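What follows is one structure encoded as structure tokens, with my remarks underneath.
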Amino acid sequence: MRTLITNGLVVTADGSFEADVLVVDETIEAVVGRETGVAEGVLAGLAVDATIDAAGKYVVPGGIDVHTHMELPFGGTYAKDTFESGSKAAAHGGTTTILDFAAQTKGRSLREGLDAWHARAEGKSVLDYGFHMMMADVNDATLAEMDQLVAEGVPDFKLFTAYPGVFYSPDDHIFRAMQRTRENGGLIMMHAENGPVIDVIAADLVAAGTTAPIGHGLARYAVLEKEATSRSIYLAEAAGVPVYIVHLSSRDALEVVTDARDRGAMAFAETCPQYLFLSLDDLGNGFEGAKYVCSPPLRPKDHQEALWRGLLKDDLQLVATDHCPFDFHGQKELGREDFRKIPNGLPAVEDRVDLLHHGGVVQGRMSRERWVEIMATNPAKLFGMYPKKGAIVPGSDADLLVYDPNRIRTISAATHHMDVDYSIFEGFEIQGASDVVMSRGTVLVRDGEWVGPAGHGRFLRRGPADYVRLA
Ligand code: URP
Ligand code: ZN
Ligand code: ZN
């Protein structure tokens with residue numbers, strides 16, 4: 001199957017140029033600059049099976065979301081999107097690869113958790129997918145299992161200074177796991193908030209009568225994210241390994257990442273759309289605020305510009321969603337009497353690419369090249385997928401978007417594809433949307449309609465990222 005995407009402006013992390021892209025079967029065969037192509041007749045007379053006219057549009061690498069939680073058992077319930085519904089929703093929003101977090105149940109093996117995730121995703125995900133592993137226990141057995149997982153293409157391990165009794169690990173356990181990655185080439189990803197102290201503050205708030213969702217935001221001080229982020233980075237420095245901070249939410253935590261990077265530490269971090277566009281105010285509207293409960297929590301509005309600046313300066317390398325959707329009715333409602341019982345997590349996988357285009361490029365905070373870098377290229381580079389993913393070069397997977405930078409749409413739960421009964425971005429009018437979403441040469445979405453096959457996705461066996469391998 002030969003498809004020619006013609007007349008578009010190819011936008012990559014390195015630059016933009018008018019070019020035609022020839023896709024043969026699942027891969028990019030050629031990228032031909034239009035002037036040269038026409039002058040030298042490179043594509044003249046070429047027989048193709050399909051032509052996609054991208055006049056007036058960008059041709060960009062498909063989005064890569066490295067932080068999702070499909071079907072995660074959490075907070076006494078399950079994240080609502082399955083691999084089928086969640087990956088389909090992601091595709092509608094211009095994402096073509098997801099990395100999801102398999103979870104270890106406390107007291108059980110990593111293997112059991114990973115096998116369960118493979119079973120959930122295989123034949124269901126419409127997008128190529130890989131896994132990180134969330135560890136609830138660090139002991140001799142799980143440390144040994146880490147080596148095996150790295151060998152199986154699951155090289156990243158999320159540890160938590162939050163959620164005591166569920167996923168929390170004390171410092172010595174975190175340090176042990178970091179030491180192990182120095183040997184096996186894996187990477188530790190940190191959920192950095194001081195969980196035990198937050199639990200004390202939350203209990204005090206409830207005892208004083210604050211049981212509404214706003215209590216969630218009030219209890220989880222930004223300085224407690226800063227402290228845990230700093231601690232995580234110093235522990236990694238002591239172990240001699242890189243570290244990746246997930247879902248960084250605050251100016252305070254960003255400061256320590258910036259300082260660490262300035263002194264040469266191998267510290268990397270992501271933020272999420274919810275921290276760039278929403279704020280603590282959203283938690284304040286009575287029990288409606290439950291729709292916005294996630295950890296770390298939404299911060300006061302004045303943190304947002306610091307995060308955008310961090311993305312521009314590369315103190316933050318990428319944006320992932322932390323997609324972990326729970327219905328408002330029946331799931332978030334578990335915490336009606338006590339904010340501590342509201343399942344933590346937000347739906348966002350469908351909106352990331354377009355929100356970043358709107359807030360980043362349209363609103364003048366970054367170039368379109370940097371937009372491509374933070375939504376596709378850096379995720380591929382940091383997680384061992386580049387240049388198979390995140391690039392438009394011969395030999396790369398043909399994961400491509402024909403992107404209309406001018407289309408305006410309004411986000412709403414009434415029209416989104418995520419299996420969740422509300423949108424955190426309800427009513428947002430944003431500019432930019434994908435006309436065509438292609439995964440390994442197959443068109444999945446065209447003009448907002450699903451046209452792809454079921455179960456198209458494949459497991460991505462990933463190697464260590466360059467910066468881990470070379471550290
Ligand atoms: O609130 C959140 N972030 N829920 C998902 C689990 C996690 O900590 O990433
Ligand atoms: Zn987390
Ligand atoms: Zn998460």
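Tell me, Leu280, Leu318, Leu355 in order of fewest to most beta-carbon neighbours within 10 Å? Mind dumping the intermediate values first?
Values: Leu280 18, Leu318 27, Leu355 24.
Ascending Cβ contact count within 10 Å gives the list Leu280, Leu355, Leu318.
Using the Cα atoms of the stretch 417-471 to build a convex hull, what is its mean projected area in square nanometres? If you can, show how the numbers build up before the last one.
Details: hull surface 28.4 nm².
Mean shadow area of the hull around the Cα atoms is 7.1 nm².
Efficiency by 1/(1 + (r/R0)^6): what FRET value for Glu305 and Val223, r their Cβ-Cβ distance, R0 = 22 Å, to the nearest 0.05?
Details: r = 19 Å, r/R0 = 0.88.
In this case the efficiency is close to 0.70.
Within the stretch 415-429, what residues put their amide N at less than 18 Å from the label point 7 Å along the Cα-to-Cβ vector of Ile408?
Output list for this probe position: 426-429.
Give me the distance in nm between label points sitting 7 Å out from Cα along the Cα-to-Cβ direction at Glu369 and Asp171, one decimal.
4.3
What whole-number distance in Å separates the alpha-carbon centres of the stretch 253-330 and the stretch 134-181?
Between the Cα centres of the stretch 253-330 and the stretch 134-181 lies a distance of 24 Å.
Of all DSSP beta bridges located in the chain, what percent are antiparallel, nearest 5?
So the antiparallel bridges in the chain amount to around 50 percent.
Give or take rounding to whole Å, what are the principal axis extents of the alpha carbon atoms in the chain, in descending order?
75, 48, 42
Sketch the reach of a paramagnetic label on Thr105 as a point 7 Å from Cα along Cα-to-Cβ, and name the residues of the stretch 56-88 whose backbone nitrogen lies under 12 Å away.
Inside the label zone: 73-74.
Going down the table (Lys106/Lys332; Lys124/Lys332; Lys226/Lys341; Lys226/Lys388; Lys57/Lys381; Lys313/Lys389), which pairs top 32 Å between alpha carbons? Mind showing how you got there, number by number?
Details: Lys106/Lys332 24 Å; Lys124/Lys332 26 Å; Lys226/Lys341 24 Å; Lys226/Lys388 35 Å; Lys57/Lys381 25 Å; Lys313/Lys389 23 Å.
Beyond 32 Å between Cα atoms: Lys226/Lys388.
Each value in this text was obtained by applying a stated rule to the coordinates, not by laboratory testing. Bear in mind the structure is a predicted one, so any value in this text is a computation, not a measurement. Neighbour counts run over all protein chains shown; Cβ positions are idealised from the backbone, glycine included.
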